[in-house]
Amino acid sequence: MNVVELEVIHFPKPAYYVTAVVLLLLIFFPIVIVVKQELKTYLAPPEPATAAATSAAIVTITVNEKTRASSNNVAPESTDHRHQATAAAAANDDADSSPSCFQDVFRPPARGQDYTILQALFSVDMLVLFVATICGIGGTLTAVDNMGQIGQSLGYPQRSITTFVSLVSIWNYAGRVVAGFASEYVLARYKVPRPLALTVVLLLACVGHALIAFGVNNGLYAASVILGFCFGAQWPLLFAIISEVFGLKYYSTLYNFGAVASPVGSYILNVRIAGRMYDREALRQGGQRGKDLTCIGVRCFRESFLIITGVTLLGALVSLLLAWRTRNFYRGDLYGRFREVGMVGATAGGANDRKVHEAEASTSGGASDSDTKDTSSSETVNGSKV
């Protein structure tokens with residue numbers, strides 16, 4: 001609708017109201033799902049007490065008489081010594097089980113296991129991924145930030161420049177959705193490493209950078225779509241690779257470390273390269289230093305985006321190296337350990353249920369045995385006529 005409103009001359013005012021209402025309906029439509037689920041939960045009948053809660057009560061009140069008798073006969077001194085020895089052994093176990101954070105920095109676990117923060121930061125896989133992300137996100141972010149100046153230097157009207165910015169925003173979102181879905185599909189179906197999807201995205205970004213560098217006629221429309229898509233597509237791939245290769249235990253910290261590639265790449269490619277070359281060409285065209293510089297022509301961004309194209313191609317090659325390093329990992333059962341944890345939990349739940357039934361049976365059986373013994377002893381007493 002942003003593109004339509006910009007391109008259609010004298011867009012009617014009632015149409016603005018209609019599109020605004022449709023937009024608000026789309027924004028608030030997910031609340032229908034929430035209300036529906038809340039009503040379903042509210043109207044559902046209460047669930048019966050589970051066996052697990054009953055087992056907890058039974059285990060709590062069940063006492064072994066032999067254990068109680070033997071514990072009452074133990075001398076207090078020996079009990080104190082025993083507690084002290086147990087505490088010392090526990091302290092030693094804690095000391096042994098908590099190694100220094102620097103001890104295993106260069107001995108990381110297998111891919112997919114939980115890395116520590118330092119193990120992940122000093123690993124070759126993280127270094128390769130970080131370099132590829134700097135090259136890819138840095139280049140696309142440079143194009144996104146300078147889209148207005150690029151359109152102005154290439155002679156596009158202001159209405160078209162505004163359209164370019166809208167296209168970048170729209171396709172940025174589309175790239176995030178498509179990259180996550182498509183990479184998951186090819187991974188599950190064909191065992192394609194997820195870093196290979198990052199390689200494809202970076203190669204596609206090279207096409208968009210080349211369109212800007214050579215100033216292709218009306219090529220900025222396609223460039224804004226391609227670069228907006230590629231900029232959005234890199235983020236879900238980056239975070240998915242981090243979670244899969246380095247585990248989830250410290251994912252929140254590693255997530256933010258991966259995001260550092262954005263300002264680093266933007267500073268190198270946007271500020272130090274594109275910005276300086278733009279100012280130099282503007283000064284060559286007669287601009288005055290210390291004032292707002294305006295550059296007109298293809299040469300304003302040609303050299304800088306040729307460099308960015310080369311850097312992005314380097315990032316694609318680096319991500320291809322990561323895909324080769326992790327090919328065996330992605331060919332395996334990527335989510336197998338999560339299913340194993342679920343199966344263990346289900347098995348443990350079944351074992352607890354069996355213990356509950358055994359405890360109930362033994363409790364009822366013990367009561368009947370004691371009743372029988374009491375009855376037989378009373379009969380004996382009556383028989384002896386004491």
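Observations, loosely collected:
- Using the Cβ of Thr294 as centre and a radius below 15 Å, the other residues enclosed give a net charge of +2, where K and R count +1 and D and E count -1.
- Unit charges on C-beta of K, R, D, E only; dipole of the stretch 117-338, Debye: 160 debye
- Probe 1.4 Å, protein heavy atoms only - accessible area per residue of the stretch 117-338 in square angstrom: 46 Å²
- Accessible-area composition of the stretch 117-338, carbon plus sulfur, in percent [1.4 Å probe]: 64 percent
- Computed over the stretch 117-338, the quotient of the alpha carbon radius of gyration and 2.2 N^0.38 Å is 1.08.
The values are calculated or read from the model by the stated rules, or taken from the named source; none is laboratory data. What you see is a predicted model; the values in this text were computed from it and never measured. Here the Cβ is made from the backbone with ideal geometry for all residues, glycine too, and neighbour counts use every protein chain on show. Ligands, DNA and RNA are stripped out before the accessible areas are found, and what is left, the full protein with its side chains, is counted by its heavy atoms. Shrake-Rupley method; radii C 1.70, N 1.55, O 1.52, S 1.80 Å.
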